[in-house]
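The values are calculated or read from the model by the stated rules, or taken from the named source; none is laboratory data. Note that the coordinates shown come from a computational prediction; the quantities given were computed from them, not determined experimentally. Virtual Cβ from ideal backbone geometry, glycine too; neighbours counted across all protein chains shown. Just so you know, the surface numbers come from the protein's heavy atoms only, side chains and all, with ligands and any DNA or RNA stripped out. Shrake-Rupley method; radii C 1.70, N 1.55, O 1.52, S 1.80 Å.
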Amino acid sequence: MSEPRVPGAPAEQPGASAVPQGPAGPVDLTDGEWHRLHPATPLLRGGIVLVAILGFVLANFRERLIDWIFGAPELPGDPLQTAYERGQLGWAIVIVIAGLVVGIVVFYASWRMHTFRVGDDVVEVRSGILFRTHRRARLDRIQGVAISRPIFARVFGAAKLDISVAGQDAKVQLAYLRGSEADRLRHDVLVLASGAREAAVAPDAANEGVVTAAPAASVVPGLVNQRVRELLAPELDPSIAPPESVVKIPPVRLILSLVLSGFTVVIVLVAALIVVMSLLGRREFFIFLILPGILAAIGYYFNRFTKSLRFSIAGTADGVRIGYGLLSTSNDTLPPGRIHAIEVSQPLLWRPAKWWMIRINRAGAAGQSSAQTSTLMLPVGTVDDVRKVLGLLLPGLAGEQTRELLLAGLVAKSGSGFTDAPRRAWPLRPLSWKRTGYAETDDAILLRSGFVWRHLTVVPLARVQSLRISQGPVQRVLDLVELTVHTVAGPVRATLAAADRAGGTAAFGRWSAAVVEAGATDHSHRWAEGQTS
């Protein structure tokens, strides 16, 4: 490992270290030197537009070649017809070729100027030709490392690596790297972020990227076979996680969960409205509502199905690994202690099947286009699946007592270790006042609510941002209060709408003291400091 560097020290030239593969094997991308991205990056990041333009030109020029050689009749609508008739076809070809050359040069220059380096404390990315950008992220503030492989990038064996840190739009992106390099770099970055004394070779990438000598005739077939294996390989390598910790979703359960979702209920209600309007003679609703609605519904179901298909979550040496996707695949690794809130919920239509969903709040996910998938830890699962996932998410945040209390409170109508809202809360929660309640352990706050849509939220004390107790006029008459636990932005809202005033006030005081104490003793930003990886 290189000697520690000062983040503000003068940077080396971008071309200091640009070869990703050394003669003796893969290069250490965490050596503190500047490295370049995958050679196919210009094509993957926008060069496909040039390919489309070139294909368009060749398609039209092909017709002209046929005309010249075989004397075929002129085709109407040929974009090059006017230039040909005016004798300017040569100039048009020169202009198109010049445009393609300029585009290729710009993309190549952009790739040459886009470099990154990973040191002991920070990861840095420099990019831009006219307008230069230099992004820097502290390793001890990393919230997660995600690797995504779009379908087109998978053809080239490339992958995109996203390093999420706390803050709005604070993500550091490396698009694109070789797939094996992305796996190794993720492991090394997480080891450095953990505070371990020495970075080891990633267990899931120890033998990846090593180039062995082979006859020239076997290079192309070997490359094709490798790409086929990568396309068919599971997102989570079975060798890096204990089989008992892996949670997967059967396709039939996934399809039924989508059919029984709230979106389906909305579609049924809209369809019933359209039928009524049609019976009343308003048939124009068919064109303006049914056709767009059918297209939107198909898009929604297809998007949710393909993103959740091949879903898996498991515990690895680097953290909790979540993988999903069919054509374009992604996997996200959450280091210990990076989860700020956990919510286990159950829609009404899932209740007969006893299915549940788990979502989380995590720093750096709010505002991202992938926020929904990066905060969804279990799209649909049984109680046993919930137990396994909680066993992966809670270590480092909360103990066994918190997990057992959560599991006991999932289906209980009241009690089970929770302090329930008093009977006088029924005007505010006529159906769910018995299930509305809170509990506390030595390391977490638990809130339970909901009758139609059941919710149970866990907020680790060390991740609480602030607490609030409030009382509106109706609550004042009923001698109730509202309790809110603030965390980072996300889909989980830790709010209890009704609690006894005396009990809620006392709980607010206890929680305030416990949060301060938990924050003072929290060292999860360096979860493996002092250890040897």
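Can you find a residue that is of a type in the set (Phe, Trp, Tyr) and either under 21 Å from the mean Cα position of the chain (by Cα) or within 30 Å of ALA153 (Cβ to Cβ) (or both) anywhere in the range 307-327? Before you say what the answer is, go through the steps one by one.
So the first thing to find is which residues in the range 307-327 are of a type in the set (Phe, Trp, Tyr), and the list is 311, 324.
Checking which are either under 21 Å from the mean Cα position of the chain (by Cα) or within 30 Å of ALA153 (Cβ to Cβ) (or both) leaves us with 311, 324.
Yes, some residue in the range 307-327 is of a type in the set (Phe, Trp, Tyr) and either under 21 Å from the mean Cα position of the chain (by Cα) or within 30 Å of ALA153 (Cβ to Cβ) (or both).
Close contacts from the range 511-533, counting a first residue that is on the phi < 0 side of the Ramachandran plot and a second that is at pLDDT 90 or above and part of a loop (DSSP other than H, G, I, E, B), with Cβ to Cβ under 6 Å and a gap of 6+ residues or different chains, come to VAL515/VAL464.
Could you pull out every one of the strands (runs of 3 or more DSSP E) wholly within the range 288-358 that has 1 or more residues that are out of contact with any Cys (no Cβ under 8 Å at 6 or more places or on another chain) and charged (D, E, K, R)? Talk me through it step by step, then tell me what you get.
On the way: elements: 312-315, 320-324, 329-334, 339-346.
Ranges flagged: 320-324, 329-334, 339-346.
Filter the range 459-468 down to the residues that are touching an Asp or Glu at 6+ places or on another chain (Cβ under 7 Å) and aliphatic (A, V, I, L, M) and list them by number. First the steps, then the outcome.
In the first step, residues of the range 459-468 are kept if they are touching an Asp or Glu at 6+ places or on another chain (Cβ under 7 Å); the result is 460-462.
Across the range 459-468, the qualifying residues are LEU461, ALA462.
A count restricted to the range 123-164 and to residues that are over 18 Å from LEU29 (Cβ atoms) and among the β-branched types (Val, Ile, Thr) stands at 4. Among the criteria (1) more than 18 Å from ALA363 (Cβ to Cβ); (2) among the hydroxyl-bearing types (Ser, Thr, Tyr); (3) open to solvent by 40 Å² or more (accessible area, probe 1.4 Å), the one THR484 does not fulfil is (3).
Hey, among the residues in the range 324-362 that are hydroxyl-bearing (Ser, Thr, Tyr) and open to solvent by less than 10 Å² (accessible area, probe 1.4 Å), which one's nearest to THR402 (Cα to Cα)?
Of the residues in the range 324-362, the ones hydroxyl-bearing (Ser, Thr, Tyr) are 324, 328-330, 333, 345.
Going one step further and asking which of them are open to solvent by less than 10 Å² (accessible area, probe 1.4 Å), we end up with 329, 333, 345.
Working: THR329: 33, THR333: 23, SER345: 17 Å.
My answer is SER345.
Residues in the range 514-523 include at least one that is under 34 Å from the mean Cα position of the chain (by Cα), crowded, with 18+ Cβ neighbours inside 10 Å and among the β-branched types (Val, Ile, Thr). Which of the residues spanning the range 496-508 are more than 12 Å from GLU440 (Cβ to Cβ), open to solvent by 40 Å² or more (accessible area, probe 1.4 Å) and not acidic (Asp, Glu)? Of everything in the range 496-508, those that are more than 12 Å from GLU440 (Cβ to Cβ), open to solvent by 40 Å² or more (accessible area, probe 1.4 Å) and not acidic (Asp, Glu) turn out to be ARG501, ALA502, THR505. Restricted to the range 377-478, the set of helices (runs of 4 or more DSSP H) holding at least 3 residues that are buried (at least 20 other Cβ atoms within 10 Å of the Cβ) comprises 383-393, 400-411.
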